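I am attaching a structure below and will ask some questions about it afterwards.
The values are calculated or read from the model by the stated rules, or taken from the named source; none is laboratory data. This structure is a prediction, so every number in the text was calculated from the model and none was measured. Because the Cβ atoms are built from the backbone with ideal geometry, glycine has one as well, and the counts that use them run over all protein chains shown. What goes into the accessible areas is simple: the full protein's heavy atoms, side chains included, and nothing from ligands, DNA or RNA. Shrake-Rupley method; radii C 1.70, N 1.55, O 1.52, S 1.80 Å.
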Number of protein chains: 2
Amino acid sequence: VSIGTEGTSPALARALKSDIESRLPQETGRFAKVLKGLRALTKQHLPELPDRQRFWAKHLDRDLSNMLRRTPQQLKADVKDALTGTEKLLEQVVLVGAGPGDPDLLTTAARRALHSADVIVYDRLVSDTVLTLGRREAEYIYVGKTPGVPSIGQDAINDILVEKASQGLFVVRLKSGDPLIFGRADEELDALAAAHIPASIIPGITAAAASAAAIGASLTTRGTNRAVALLTGHDAKGFAEQDWRSLAGEGARAAVYMGVGAARFIQGRLMLHDANPQTPVTVVENASRPEQIIVETCLARLPDDIAAAGIKGPAILLIGYTATRVAQAQKAAS
Amino acid sequence: VSIGTEGTSPALARALKSDIESRLPQETGRFAKVLKGLRALTKQHLPELPDRQRFWAKHLDRDLSNMLRRTPQQLKADVKDALTGTEKLLEQVVLVGAGPGDPDLLTTAARRALHSADVIVYDRLVSDTVLTLGRREAEYIYVGKTPGVPSIGQDAINDILVEKASQGLFVVRLKSGDPLIFGRADEELDALAAAHIPASIIPGITAAAASAAAIGASLTTRGTNRAVALLTGHDAKGFAEQDWRSLAGEGARAAVYMGVGAARFIQGRLMLHDANPQTPVTVVENASRPEQIIVETCLARLPDDIAAAGIKGPAILLIGYTATRVAQAQKAAS
């Protein structure tokens with residue numbers, strides 16, 4: 001690997017080179033040798049150079065990470081299958097977790113999928129900096145739902161995924177956080193299964209984990225809580241009912257997604273079940289993003305303090321958690 | 001960026017180049033120009049070339065991702081502060097989530113921290129492929145705890161972190177999954193705070209998310225569950241008691257960490273609270289790793305099926321979840 005910065009900064013070039021080399025799959029060198037060994041076989045099936053170039057481009061661009069993990073024997077069998085037209089279908093739709101917003105909190109697998117995608121179908125809360133990791137030539141389809149505003153329905157989103165994948169396009173369905181936590185992934189996976197379209201999932205950093213990291217508090221503490229509940233403030237019918245008796249118990253801890261609008265409802269239900277009004281609650285809006293806001297409050301003051309702080313964006317209510325370590329965490333991150 | 005594969009495979013070189021360029025921070029070009037503009041200032045404070053090289057190496061290697069995000073004005077002020085000896089402390093210990101094992105499920109932030117670390121303090125369940133992302137020159141300290149075997153105590157781990165950081169070394173505390181979910185992070189953060197050592201946290205993909213992705217099931221399903229509980233099977237006193245009445249309820253769903261040894265206990269407690277014996281349970285051992293195993297069972301057969309499958313490694317019990325989509329997911333991933 002060599003890096004040029006046009007003479008502006010050799011130190012930067014060195015730092016980037018070492019950064020990149022650390023991120024290259026370790027098997028790259030061995031892999032290059034195996035590919036070389038497959039030249040004769042490829043040439044036999046695809047005598048024209050442009051055909052061979054297209055063949056390799058298709059497989060290497062789309063499937064590099066899987067190919068790097070195969071043994072030389074497996075790889076040889078794969079390539080033979082592909083050349084003789086009996087190759088297995090590549091996955092056509094991948095549900096990808098975009099994480100909380102900071103592009104540094106994307107996984108390598110997510111970056112690779114984004115870079116290979118022909119079509120990127122994305123939600124309202126996916127950050128712009130994550131979106132720019134897709135290729136310029138990819139088709140970007142916005143399917144965000146805005147609360148309180150008529151938005152695209154789930155059926156229409158399912159239809160887009162099925163339609164694009166049926167055209168042989170590689171579709172990335174990009175969801176903020178983790179696609180399997182309050183992301184309605186089941187409905188999309190069912191629609192794809194019904195259409196016999198292979199799908200897989202790349203998990204992401206969920207907002208509760210990013211929020212806990214932002215305030216320097218562990219979601220679980222030995223001797224304090226043996227469980228943490230991930231809840232939604234809203235469901236299909238409005239404010240979501242929960243097992244309030246359990247959540248109101250001494251020492252109970254929970255992370256509430258989509259809880260800002262439901263804050264007064266949640267407060268009321270917990271108080272009704274004799275929760276301590278002084279239970280600490282920390283609200284993290286836009287965790288991991290430059291516009292992140294942290295509000296420390298308690299159950300008794302929760303809705304008022306949310307309103308006073310002007311929180312309207314995506315936020316997690318961390319019930320039972322304080323932000324005592326936040327000053328330290330902020331200092332360290334600055 | 002240019003890539004050489006010594007003539008073995010130009011197609012591979014192209015695929016790698018585009019993969020790498022997609023992962024370079026977008027601001028790199030602008031950043032190089034800003035650095036160039038700071039040359040005169042740096043030269044004024046550090047007239048000797050080797051001093052300037054050390055200065056840039058230290059800041060660029062350790063802090064590249066933060067520096068790339070600063071505006072030119074901020075960056076100029078930072079560099080001035082650093083040159084005049086009033087620089088803020090760099091973070092000294094970072095708790096890093098190593099994710100479930102597949103190195104492709106590491107975040108970019110975690111890779112960067114690993115690559116910069118002077119000392120890497122790691123747990124038993126951190127995979128070897130993740131560990132190899134650290135530098136060869138780094139010091140690796142194993143602090144794994146093996147169940148049922150006398151192992152290093154938490155106090156000794158805390159002491160190592162404080163001692164190494166106090167020597168001015170950049171310490172990465174590498175924990176499998178997410179450091180804030182059943183990772184005893186609080187105890188380490190408290191020890192660091194007591195020693196006035198700045199610490200921060202890079203979240204990771206937690207095992208429950210990787211397990212759900214492996215079986216193609218959403219942890220939450222609109223209309224089915226409005227909450228998912230993350231539980232531990234063990235705590236300091238042995239098998240962990242939980243709010244069993246709530247967990248035994250119709251439609252309750254939970255992911256149990258460290259639940260293999262506690263499977264019969266959990267089964268007994270849930271049945272005592274009238275849980276349906278046919279409640280589906282899917283066990284995922286070594287989620288995301290090549291040796292991943294998925295066992296579909298139900299509450300009535302849980303401990304027996306775990307024993308029959310020979311599950312002994314790290315596993316998540318997904319209570320209330322089926323693996324109906326797993327065949328599809330496996331096909332897509334193969």
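For the condition more than 7 Å from chain A (Cβ to nearest Cβ), open to solvent by 60 Å² or more (accessible area, probe 1.4 Å), in contact with a Lys or Arg (Cβ under 8 Å, 6 or more places away or on another chain) and modelled with pLDDT of 70 or more, what is the one hit in B:K76, B:K43?
B:K43 is the lone residue from the list that is more than 7 Å from chain A (Cβ to nearest Cβ), open to solvent by 60 Å² or more (accessible area, probe 1.4 Å), in contact with a Lys or Arg (Cβ under 8 Å, 6 or more places away or on another chain) and modelled with pLDDT of 70 or more.
Does any residue in segment A:119-138 that is among the small types (G, A, S) come within less than 8 Å, Cβ to Cβ, of a residue that is crowded, with 19+ Cβ neighbours inside 10 Å and in a strand (DSSP E or B) six or more places away or on a different chain, and which pairs are these?
From segment A:119-138, the pairs are A:G134/A:I120; A:G134/A:V172; A:A138/A:V119; A:A138/A:I120.
Taking the criterion of being more than 8 Å from every other protein chain (Cβ to nearest Cβ) and either on the phi > 0 side of the Ramachandran plot or of a type in the set (D, E, K, R) (or both), would at least one residue in segment A:221-234 satisfy it?
Within segment A:221-234, none of the residues are more than 8 Å from every other protein chain (Cβ to nearest Cβ) and either on the phi > 0 side of the Ramachandran plot or of a type in the set (D, E, K, R) (or both).
Can you name the number of the only condition in (1) in contact with a Lys or Arg (Cβ under 9 Å, 6 or more places away or on another chain); (2) away from every other protein chain (no Cβ under 13 Å) that A:N276 fails?
Result: A:N276 passes all but (1).
Within segment B:238-257, how many residues turn out to be more than 9 Å from chain A (Cβ to nearest Cβ) and open to solvent by 50 Å² or more (accessible area, probe 1.4 Å)?
Qualifying residue count, segment B:238-257: 2.
Every residue, every condition in (1) assigned to a loop (DSSP other than H, G, I, E, B); (2) modelled with pLDDT of 75 or more; (3) open to solvent by less than 40 Å² (accessible area, probe 1.4 Å); (4) under 15 Å from B:P72 (Cα atoms), yes or no:
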{"residue": "B:L12", "(1), (2), (3), (4)": "no, no, yes, no"}
{"residue": "B:L16", "(1), (2), (3), (4)": "no, no, yes, no"}
{"residue": "B:R30", "(1), (2), (3), (4)": "no, no, no, yes"}
{"residue": "B:P50", "(1), (2), (3), (4)": "no, no, no, no"}
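Return yes or no: is A:A329 assigned to a helix (DSSP H, G or I) and modelled with pLDDT under 95?
yes
Could you check how many residues of segment A:79-105 are at pLDDT below 80, in a helix (DSSP H, G or I) and open to solvent by 40 Å² or more (accessible area, probe 1.4 Å)?
Counting residues in segment A:79-105 that are at pLDDT below 80, in a helix (DSSP H, G or I) and open to solvent by 40 Å² or more (accessible area, probe 1.4 Å) gives 1.
Scan segment B:102-118 for residues that are more than 8 Å from every other protein chain (Cβ to nearest Cβ) and touching a helix residue (DSSP H, G or I) at 6+ places or on another chain (Cβ under 7 Å) and jot them down.
Once the filter is applied, which keeps residues that are more than 8 Å from every other protein chain (Cβ to nearest Cβ) and touching a helix residue (DSSP H, G or I) at 6+ places or on another chain (Cβ under 7 Å), segment B:102-118 yields only B:S116.
Here is a follow-up. Would you point out which residue out of A:L83, A:L125, A:L75 is among the hydrophobic types (A, V, I, L, M, F, W, C) and under 28 Å from B:V96 (Cβ atoms)?
So the residue among A:L83, A:L125, A:L75 that is among the hydrophobic types (A, V, I, L, M, F, W, C) and under 28 Å from B:V96 (Cβ atoms) is A:L125.
Oh, and also: Mind listing whichever residues of segment B:178-197 are open to solvent by 10 Å² or more (accessible area, probe 1.4 Å) and at the interface with chain A (Cβ under 8 Å from one of its Cβ atoms)?
B:I181, B:F182, B:G183, B:R184, B:D186, B:E187, B:A193
Moving to a separate point now. So which of B:I201, B:I152, B:I160 ends up being more than 11 Å from chain A (Cβ to nearest Cβ), open to solvent by 20 Å² or more (accessible area, probe 1.4 Å), of a type in the set (A, V, I, L, M) and touching a strand residue (DSSP E or B) at 6+ places or on another chain (Cβ under 7 Å)?
It is B:I160.
Working carefully through the options A:V260, A:V284, find the one that is out of contact with any Pro (no Cβ under 6 Å at 6 or more places or on another chain), more than 14 Å from chain B (Cβ to nearest Cβ), within 29 Å of A:R124 (Cα to Cα) and open to solvent by less than 40 Å² (accessible area, probe 1.4 Å).
Criteria check complete, one pass: A:V260.
Given the condition in contact with a strand residue (DSSP E or B) (Cβ under 6 Å, 6 or more places away or on another chain), open to solvent by 60 Å² or more (accessible area, probe 1.4 Å) and more than 28 Å from B:L106 (Cβ to Cβ), answer yes or no: does some residue in segment B:293-302 qualify?
Yes, that holds for at least one residue.
Working carefully through the options B:A263, B:A217, B:A275, B:A236, find the one that is of a type in the set (G, A, S), in contact (Cβ under 8 Å) with a residue 60 or more places away in the chain and out of contact with any strand residue (DSSP E or B) (no Cβ under 6 Å at 6 or more places or on another chain).
B:A217
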